[in-house]
Amino acid sequence: MARWSNWSGRLTARPRAIHFARSEADAAALLKQAAAAGIEVRAAGAGHSHAPLVPSDGIVLDTSGLAGLIDADPSARTATVGAGTLVYALGAPLHRVGLALINQGDIDRQSIGGACATGTHGTGRTLQNLSAQVLGVRLALISGELVDCDAEREPELWQAARLGLGALGVVTALTLRVRDAYRLQERSWTAPLETLLPDVDRHAAAARHFEFFWYPEDDRAVAKLIVETDAPPRYPVGDEGSRIGWSHEVLPSHRPHPHTEMEYAVPASAGEACLLAIRELIRRQFPAVRWPVEYRTVAADDVWLSQAFERDVVTISVHQDVREDETRYFRACEEVFLDHQGRPHWGKLRYLGRDQLAARHPAWARWWAVRDAVDPAGRLLNDHLRALRP
């Protein structure tokens, strides 16, 4: 029997089959065949989500074969890439044609299709998430049809598929807004949280990227500030301290330890208050927590299911070792996030149900209407997503 697992080993599934798509025609044919047989299909990228978006007892369609830089237009600053391309594998090919992603997270092991499907982001007060950079989507529908959608062609389908949770079809390729290649310089330092907090807004406004990890054990914060630079790269590029290199060399960090994670985005104006409430919660109820709390900024966008839909946000993430039971801790944190008007990250753990999510996403009904129009029988939904269906 086939077995699928996410990167941490926390999520597993025993699907009837894992199908490795080598071409978009193969993916489309598989969908048509599965639909005729009444079999559920879920697409899988690198399996880096903490949320149960992939597990299915039907077919898991592995998109890793749909990879590579398909086309690039340096003058228009666009690039078309296979959806199964791992984010770390995009840096060098884009760089060779003088381009780069506008932003990315500090983990680059995800597939670009999965990262966009869940609203993955980096940090930067003026920088949006990856889904907001999607100018076009090539999609294999459950009917077996291959469609191209963008702001002009099938605009509603494009809008829903930019952050589509793998529920509208199998994304085979994405056209992304990119920019000219650029170099970055990073500076890291450690400070007590009370010392850092008064300067957070100043740092976030002054730098292209700013974030910090707060460690509950000793109340210290490890901050990271990154600015653009004309200085030449300095090799080897390390993981910490002062780094200078091209964007795809500086933005990622090595995160090897298996963990589970919850992240909520709160309005930017509520970021500090929410963090302090989380700190008080940990001190009062969970003093044994050692994993850090991460604080980042993301700019507003118009992507229907985005954490940052129509509002600038601060994202706050809590973590726990994958071998530990995080339930009590994460549920308590979630209550704090909800008290501060938070929206959960789609690729990370949450406990909200359909009605709670609908109340937090103004375009919820619109997204589901587009989704249900292309897959009325729900063949692209697993149990996790089916429970959210209006």
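Some observations on this one:
- If the condition is being out of contact with any Asp or Glu (no Cβ under 9 Å at 6 or more places or on another chain) and over 29 Å from D108 (Cβ atoms), then the stretch 26-56 contributes A29, Q33, A36, A37, G38, I39.
- Top-ranked residue of the stretch 4-21 - restricted to ones that are over 24 Å from the mean Cα position of the chain (by Cα) and of a type in the set (D, E, K, R), ranked as surrounded by the fewest Cβ atoms within 10 Å (Cβ to Cβ): R14
- The residues of the stretch 343-365 that are in contact with an Asp or Glu (Cβ under 8 Å, 6 or more places away or on another chain) and touching a residue at least 60 places away in the same chain (Cβ under 8 Å), listed by number, are P344, H345, K348, L349, R350.
- Selection within the stretch 312-338: residues that are open to solvent by less than 50 Å² (accessible area, probe 1.4 Å) and charged (D, E, K, R). The member of this set that is farthest from P256 (Cα to Cα) is E334.
- Residue match in the stretch 298-311 (condition: open to solvent by less than 10 Å² (accessible area, probe 1.4 Å), among the aromatic types (F, W, Y) and in contact (Cβ under 8 Å) with a residue 24 or more places away in the chain): no
- Residue identified as open to solvent by less than 30 Å² (accessible area, probe 1.4 Å) and among the acidic types (D, E) among D26, D108: D108
- Within the stretch 137-251, helices (runs of 4 or more DSSP H) holding 2 or more residues that are over 23 Å from Q110 (Cβ atoms): 155-162, 193-196, 200-206
- Residue in the stretch 157-176 that is over 30 Å from A377 (Cβ atoms), in contact with a Lys or Arg (Cβ under 8 Å, 6 or more places away or on another chain) and open to solvent by 10 Å² or more (accessible area, probe 1.4 Å) present: no
- Scanning the stretch 355-387 for residues that are part of a helix (DSSP H, G or I) and in contact with a Lys or Arg (Cβ under 7 Å, 6 or more places away or on another chain) yields R360, W368.
- Options R279, R283, R296, R290: the member that is charged (D, E, K, R), outside any helix (DSSP H, G or I) and farther than 22 Å from T126 by Cα: R290
- The condition (being open to solvent by less than 50 Å² (accessible area, probe 1.4 Å), at pLDDT 95 or above and either of a type in the set (D, E) or part of a loop (DSSP other than H, G, I, E, B) (or both)) is satisfied by just one residue among L31, L61, L66: L66.
- Restricting the stretch 253-288 to residues that are among the hydrophobic types (A, V, I, L, M, F, W, C), open to solvent by 10 Å² or more (accessible area, probe 1.4 Å) and in contact with a strand residue (DSSP E or B) (Cβ under 8 Å, 6 or more places away or on another chain), the residue that is nearest to A332 (Cα to Cα): A270
- Residue within the stretch 128-148 that is open to solvent by 60 Å² or more (accessible area, probe 1.4 Å), under 20 Å from T63 (Cα atoms), over 23 Å from the mean Cα position of the chain (by Cα) and not β-branched (V, I, T) present: yes
- Lone qualifier among E335, E324 - being without any contact (Cβ under 8 Å) to a residue 12 or more places away in the chain and in a loop (DSSP other than H, G, I, E, B): E324
- Residue that is surrounded by the most Cβ atoms within 10 Å (Cβ to Cβ), among those in the stretch 226-251 that are aliphatic (A, V, I, L, M) and within 21 Å of the chain's Cα centre (by Cα): L251
- Of all the listed residues (E263, E294, E280), the sole one being of a type in the set (D, E), on the phi < 0 side of the Ramachandran plot and free of Cβ contacts under 8 Å to residues at least 24 places away in the same chain is E280.
- Here L305 meets the list (1) out of contact with any His (no Cβ under 7 Å at 6 or more places or on another chain); (2) farther than 19 Å from E211 by Cβ; (3) outside any helix (DSSP H, G or I) almost entirely, failing just condition (1).
- Of all residues in the stretch 92-103, those satisfying the criterion of being open to solvent by less than 30 Å² (accessible area, probe 1.4 Å) and either closer than 16 Å to H121 by Cα or out of contact with any strand residue (DSSP E or B) (no Cβ under 9 Å at 6 or more places or on another chain) (or both) are A100, L101, N103.
The values are calculated or read from the model by the stated rules, or taken from the named source; none is laboratory data. The structure displayed is predicted, hence computed values, not measured ones. Please note: Cβ atoms are built from the backbone with ideal geometry, for glycine as well, and neighbour counts cover all protein chains shown. Just the protein is used for accessible areas: all its heavy atoms, side chains included, with ligands, DNA and RNA removed. Shrake-Rupley method; radii C 1.70, N 1.55, O 1.52, S 1.80 Å.
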